[in-house]
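Right, one structure below, let's go through it.
None of the figures in this text is laboratory data; all of them are computed from the coordinates on show. Please read these numbers as outputs of a predicted model, since none were measured by experiment. Methodologically, a virtual Cβ is constructed for each residue, glycine included, from the backbone with ideal geometry; neighbour enumeration extends over all protein chains shown.
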Amino acid sequence: MTVKVIEIVFRSICTYIILLVLGRIIGRKMISRITFFDFIVGITLGSIAVRIALGSQESPILASISAVVITMMVVISDYLDIKSIKFRKLVDGEPIILINNGKLLDYNLNKVKITIDKLMMQLREKNIFNIDDVALAVMESDGELTVLPKVNKQPVTTGDLNISTNYTGLMSDIIVDGKIMYDNLKLANHDEKWVKKQLKSYNISNVENVFYAGLNASEILYVSVKTKK
């Protein structure tokens, strides 16, 4: 019995990892946008996963052990998702820009496996009927489409009022949970010394005290400090 239990635990862990990998391959999609075909695929994968986890030993006790192990794997994944940036990027992926200043990025459309028809449908749901009116359209890691209209197409119509506005662009992550994102910092043409100088203006002496810091296209740094428990 002990050998069977160890085998079920091992199979369950492998099954969970396989499902994570398959989920990343299939692509991101909001639950509200899952089609009947997606539902059938999910049910099929779930059935296959159970058979992989249990093998030929489909007893109620072994099935319960498998369910407990997979649940524990979910809890561990959630913890790592919060604590580890690398794990979060590996599992959840990163936001992907689909439209930049009115231009479709076809290679990114292929990456997220979305057709132009579906993209246009999601734009219309956000009252956008012309791609040229979009400054940025980003597919988030949960499958939601975030859209930033061009300044003269935004609500309260600044274009109609002839009010000039600065383009703020997409905020770049500079510090996440006390850790400096050096790749993003390099792309912004800044270094760690610059970051620490900016933080001093917020009376912050230690980077580890920063929960989040983001830089927009206007070189304005937004800073959020960690709250004390």
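In segment 172-225, if the dipole is taken from +1 on Lys/Arg beta carbons and -1 on Asp/Glu beta carbons about the Cα centre, which of ASN206, MET181, VAL223 is farthest to the positive end?
Sorting the options by dipole projection puts first ASN206.
Return the subset of LYS86/LYS196; LYS103/LYS153; LYS113/LYS226 for which the Cα-Cα distance in this structure is over 25 Å, preserving the input order.
LYS113/LYS226
Would you pull out the residues with amide H under 5 Å of ILE174's amide H, same chain only if 5 or more places away, H placed 1.01 Å from N?
Placed amide hydrogens put ALA213, GLY214, LEU215 under 5 Å from ILE174.
Which cross-chain or sequence-distant (5 or more) residues have an amide H under 5 Å from the amide H of GLY143, H modelled 1.01 Å from N in plane?
Result for GLY143 returns nothing.
Tally Lys/Arg at +1 and Asp/Glu at -1 over every other residue whose Cβ is under 13 Å from the Cβ of TRP194; what's the total?
Neighbour charge sum, excluding TRP194 itself: +2.
Work out from phi, with θ = phi - 60° and the Karplus expression 6.51 cos²θ - 1.76 cosθ + 1.60, the ³J(HN,Hα) of each residue of segment 189-195, listed in order in whole Hz, and give x for Gly and Pro.
Running phi through 6.51 cos²θ - 1.76 cosθ + 1.60 with θ = phi - 60° gives 6, 10, 10, 4, 4, 5, 4 Hz.
Using packing as a proxy for protection, rank 95-104, 136-145 so that the peptide with the highest average count of other Cβ atoms within 10 Å comes first.
Packing proxy ranking, top to bottom: 136-145, 95-104.
Quick one: Karplus J couplings for segment 144-150, per residue in order, coefficients 6.51, -1.76, 1.60, θ = phi - 60°, nearest Hz, x for Gly and Pro?
7, 9, 9, 10, 10, x, 5
If you plug each phi of segment 86-101 into the Karplus form 6.51 cos²θ - 1.76 cosθ + 1.60 with θ = phi - 60°, what whole-Hz ³J(HN,Hα) values come out, in order, with x for Gly and Pro?
5, 5, 4, 5, 5, 7, 8, x, 10, x, 10, 6, 9, 9, 10, 6
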